[in-house]
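Contents: one structure, followed by commentary.
The values are calculated or read from the model by the stated rules, or taken from the named source; none is laboratory data. This structure is a prediction, so every number in the text was calculated from the model and none was measured. When we count neighbours, we look across all protein chains shown, and the Cβ atoms used for this are built from the backbone with ideal geometry, even at glycine.
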Amino acid sequence: MASSSARTKISNLFTLSKLSRFAPPRVPRSASFSSSAAAAAELPPPPPSEVRMLGMVKEYEDYRRSLYGGLTHKALLVDAVGTLVIPSQPMAQIYRQIGEKYGVEYSENEILNRYRWAYEQPWGRSRLRYVNDGRPFWQYIVSSSTGCSDSQYFEELYNYYTTEKAWHLCDPEAEKVFQALRKAGVKVAIVSNFDTRLRPLLRALKCDDWFDAVAVSAEVEAEKPNPTIFLKACEFLGVEPEDAVHVGDDRRNDIWGARDAGCDAWLWGSDVNSFKEVAQRIGVQV
């Protein structure tokens, strides 16, 4: 664990991790060497202020590596939906397909618009949307989205989203990366706004043993961006928040929430685009 003086320096340098947006544009992998070189030659040099910022980011990361023996973080927290897994088919398409035999007549666009409206409404029954199995909340969402309150329809739809048919991994190299991280001594946890179906879903996708801990909002009674769920994940892993970095695809829930808890945070699809990149930034080669 970092000493108090080390933690003070981390605290002073912590905001520098936010400066990754100043990195130079990435050249597409599909570009040829000659076109890449030409494109790079046309780029103006970054202003001195950005050069200084990039240097400060490097100092921040180098300092963390000096603390953790070559690693920048001792623990990795990972968002579930949108980062680890994504739906295999559009939600509105599934609601429509399964709903046809129950009399659902709305188009996919109508279902999507109604879903978005319902999801954004305050959930009056509880301060949490996902309590235990989340059924009351999802019954409200399904009936609002489709106009159908048939209990059999709801159960079929609800159970579908607990199966491997409904989801797939965002990154096909995820298993190899998580194995390498844990072998290097990095602890890994899921941090997700989800109901109690998450654990059986991870088992169905055969990835439940990739993680040292799972912090589910329905179980810890806190939803991102509430810092509590990140603090619980760190507690489960036995690490301090400043020892952990969280990766997720939602700026408010994942990035702001994790930083409010004292963790570092990288935005999936912007700061990092694959779990291999995550491992490399932490200091683990895959």
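So the values come out like this:
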{"item": "Within the stretch 212-286, helices (runs of 4 or more DSSP H) holding 3 or more residues that are out of contact with any Lys or Arg (no Cβ under 9 Å at 6 or more places or on another chain) and closer than 26 Å to Thr196 by Cβ", "result": "227-237"}
{"item": "Answer residue from the stretch 95-151, given it is modelled with pLDDT of 95 or more and on the phi > 0 side of the Ramachandran plot and is surrounded by the fewest Cβ atoms within 10 Å (Cβ to Cβ) among those", "result": "Gly103"}
{"item": "Complete set of residues in the stretch 108-124 that are assigned to a helix (DSSP H, G or I), in contact (Cβ under 8 Å) with a residue 12 or more places away in the chain and not β-branched (Val, Ile, Thr)", "result": "Glu108, Asn109, Leu112, Arg114, Tyr115, Trp117, Ala118, Tyr119"}
{"item": "Residue selected from the stretch 126-145 under the condition free of Cβ contacts under 8 Å to residues at least 12 places away in the same chain and in contact with a helix residue (DSSP H, G or I) (Cβ under 9 Å, 6 or more places away or on another chain), by the criterion farthest from Pro90 (Cα to Cα)", "result": "Ser126"}
{"item": "Those residues of the stretch 69-97 which are over 19 Å from the mean Cα position of the chain (by Cα), touching a residue at least 60 places away in the same chain (Cβ under 8 Å) and outside any loop (DSSP other than H, G, I, E, B), in sequence order", "result": "Leu71, Ile94, Tyr95"}
